[in-house]
Amino acid sequence: MSQRTRRPNSGTLFGILATIVVGCLSGCTPYQFGNASMFPQNIRTVHVPVIRNATFREDLGVRLTEALNKEIELRTPYKVTADPLADTVLRCEVVDETKRVLTENDADYVRALDAAIQVRASWSDRQGRLLMKNSIVPTDDLTILFSQDERFVPEAGQSIDTATQKAIEDLANRIVSQMEARW
């Protein structure tokens with residue numbers, strides 16, 4: 001009787017190799033993929049009440065609320081809900097809106113302007129603990145001040161409304177970025 005050496009089939013080798021690779025990549029804790037890894041994992045829902053507006057432009061609060069809801073749904077794993085008993089509440093207030101002239105021509109006609117909006121924001125859980133903290137300048141204030149300005153040129157067909165909408169969208173993006181988990 002002759003002894004035959006038995007070679008493992010390629011499927012078995014592939015399975016062993018795949019197990020080793022997955023084990024090496026995962027390390028001690030499982031790695032998370034996608035945008036969900038950038039945000040706190042214990043939160044499922046966010047309530048964004050209609051944003052208060054302390055300026056004379058009465059539509060800014062509503063427009064910023066809409067932009068924030070879209071940005072949260074698009075970039076985070078959270079669900080925006082109308083329920084005030086959600087896991088967290090994002091409260092904001094538009095505190096200032098300005099328009100200033102940047103350049104004029106020789107006949108004193110406006111060539112370029114700046115539209116600026118300032119917003120105070122705070123994000124807290126059900127127990128009232130702040131979840132969004134100012135990582136640049138630590139203060140005792142319970143809110144973070146966000147300011148955004150956009151340049152517009154009326155001669156090029158741009159208006160205060162287009163500049164304001166761009167500033168609102170940029171503000172929503174920056175506020176949602178502050179909701180990311182700290183390292």
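In nm, what is the difference between 0.36 nm times the number of residues separating Ala116 and Leu74 and their Cα-Cα distance?
Extra length available between Ala116 and Leu74 comes to 12.6 nm.
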Legend entry - Separation between Cα centres of the stretch 152-172 and the stretch 96-114, rounded to whole Å: 14 Å
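I'd like to check one number: the per residue accessible area of the stretch 52-183, probe 1.4 Å, reported in Å² as a whole number.
Computed with neighbouring chains in place, this is 61 Å² per residue.
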Inset, instruction - Add +1 for every Lys or Arg and -1 for every Asp or Glu among the other residues with Cβ under 13 Å from the Cβ of Asp87, and state the total. - result: +2
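The values are calculated or read from the model by the stated rules, or taken from the named source; none is laboratory data. This one's a predicted model, so the numbers in the text were calculated from it and none came from an experiment. Please note: Cβ atoms are built from the backbone with ideal geometry, for glycine as well, and neighbour counts cover all protein chains shown. With ligands, DNA and RNA removed, areas are computed over all heavy atoms of the protein, side chains included. Shrake-Rupley method; radii C 1.70, N 1.55, O 1.52, S 1.80 Å.
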